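Notes for the one structure printed next.
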Amino acid sequence: MVNDTQNVKVRDVLDPVRNGFGDSKSLDSDEIPKIASELERIEQPTKAVNTDQEKSQQTEPIKDPLSAYPPHIIAKANDILNNGNSFSFVQSVWNSLHIGDANIGENLLGSIGCTQVLNAKLGTHQKPSGGSGKGKSDAFQTMIRLLPAHKCITGSMSPKALFYDKSLKPGTIVYTDDVQFSPDVVGMMKQATSDFQAETIHRTVSVERKSEVFRIPARVTFWLSSVESIQDDQLATRFYFGQVDESTEQDERVYEKQKERMKSYIDPERDSDILTCRCIFEIIFQNVYKVAAPYIDAVSWNDKEHRRNHDKLLDLLAGITVYNFRQRDTVNGMLISTLDDYDQAIRIYGETAKSNALCLNEDEQAILWGLSSSQELTSKQLYENSKVYGYNKCERTMTRMIKGQNGNGGMIKKVNDLNEWIDVESMSDVQSGKIKHVTRKVQKYQYTGDIFKQFPGDDHAKLDCILFQKVATIDREKAEKLDREWRDNLGQCPLLSKGVEDISKHQETTRMTSV
């Protein structure tokens, strides 16, 4: 039976909605009980689902995550962390399950490490490029299999879903292969990626018209594997753009790998290597880190125009250093990165430097190369030119990449001095022996920027790109000197804190500070 209190609530909720659509007439009294009954009927199963979710979220976490692993797995994980190379071990296990695409695996590992770094600036969000069915999703899903279950959430999401997810913890990885870059989704991601160390706050009004505040925790990291590229330039500059291998050789390697699952089965809950990877991560995730690179002034960065890219490299360097936390010195609460960490970071970053500098995937880069002559080109001419540089999709897709979805965005928004316009051309048409003059509209493109330069003595067929030079150089002698001086100077001071902080203590401090 619907009571008067429910009637009032229904009127309070639905009258503003009705009036908002331009109907000033309030609901009739006999309509309200019917609507209330229907809402109550619909709400009942929802309540049951929410109750189950709340019970799941209220389940006490395992106080010692390592208790879930057999002693021999823990011993192996500790031995690798103490004496081996944990980054390379996890990478090799990942590559045994996902063939090829080594650089994508390395970027994902750097991204995982960075979620635990307190002085990371941007984080290392991932959006590799590649055609449908070429392995982007499998690359992510394989890495997720090597992570403890609590580290990552997966699935599609609405723009505000993360704000209402009470299970999110600082450093959570959010993976989706079904994201549509609507304005609301782009807006949410821009908010959440603008400051890696801060919560993202969303204020709204409840049904009772009371102000409510919802938060996405700090250091949440996004992994995206959708085919659609990020058209918003501000958001795109915050992501790493790897590229899956689409070669025929990779197709053959994948084909051979696919047959293996019909010969044997790997149980992720029993496989020694997979469990060891999870245990390594579990140990790393017990702490948060502050990373220092005393030698950084010996590094010359060659892409100062794209300011965020330097932060990307530094965050990748910090994430890699974390894997070696038991084999690195700690001074004044800082985990000290070595030149070995730098060499690994710059090698990994170098393979995506072109994409990161331009925020263009390999197909988009091929299109830009097709315009490298600075001449006006029709769509057909550009399509033929781009194929020379590796573009392998259709002309219609090329147009969409240049102009974006519905003509809003695309390369036009991301590449300065890339121009497109409709030209009118006159031509003669001979019909029945008569010459007829007609006009037609022609799509044209031209790049007038200075990205490309010609080598002396070149035959005009090969061009070099300024941005594609080595992204950074290092004076190793200076680096070693700076490292020694930094340690000596700080070594005269008392230690301020432990170099590795217990994560539970850090989270408690964060909560107390925010109150």
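Looking at region 226-289, the chymotrypsin sites (Phe, Trp or Tyr not before Pro) that sit in a DSSP loop and have at most 13 other Cβ atoms within 10 Å of their own Cβ are TYR265. For SER226 and SER264, what is the calculated FRET efficiency with R₀ set at 22 Å and r taken between the beta-carbons, to the nearest 0.05? Calculated value: 0.10. Shown for region 333-394 is the translational diffusion coefficient from the Stokes-Einstein equation, using the Kirkwood radius over Cα pairs, a temperature of 10 °C and a viscosity of 1.306 mPa s: 114 µm²/s. In this simple spin-label model, placing a label point 7 Å from the Cα along the Cα-to-Cβ direction at both THR154 and LEU339 gives a separation of 4.2 nm. Between the beta carbons of LYS478 and ASP329, assuming R0 = 25 Å, the FRET efficiency works out to 0.80 to the nearest 0.05. The distance between label points at ASP233 and SER132 comes to 3.0 nm (points 7 Å beyond Cα on the Cα→Cβ vector). Applying the criteria of a DSSP loop state and at most 16 other Cβ atoms within 10 Å to the GluC sites (Glu not before Pro) of region 261-351 yields GLU269, GLU305, GLU351.
Compared with the direct C-alpha span, the chain from ALA102 to ASP64 gains 10.4 nm at full extension, assuming 0.36 nm per residue.
Where the centroid of each part is defined by its Cα atoms, how far is region 292-309 from region 244-285 in Å? Cα centroid to Cα centroid, the span is 35 Å.
Compared with the alpha-carbon gap, the fully stretched path from GLN180 to THR378 is longer by 68.2 nm at 0.36 nm per residue. Sparsely packed loop sites in region 253-309 (the trypsin sites (Lys or Arg not before Pro) outside DSSP H, G, I, E and B with at most 14 other Cβ atoms within 10 Å) comprise ARG261, LYS263, ARG270, LYS304.
Placing pseudo-labels 7 Å out from each Cα toward the beta carbon at THR248 and ASP271 gives an inter-label distance of 3.1 nm. Full extension of the chain segment joining ASP79 with GLU425 gains 117.3 nm, where the gain is 0.36 nm per residue of separation less the Cα-Cα distance.
Since every read-out is calculated from the coordinates, none of them should be taken as a lab result. Predicted model only: the values in this text are computed from it and were never measured. So basically every Cβ, Gly included, is an ideal-geometry build from the backbone, and we count neighbours across all protein chains shown.
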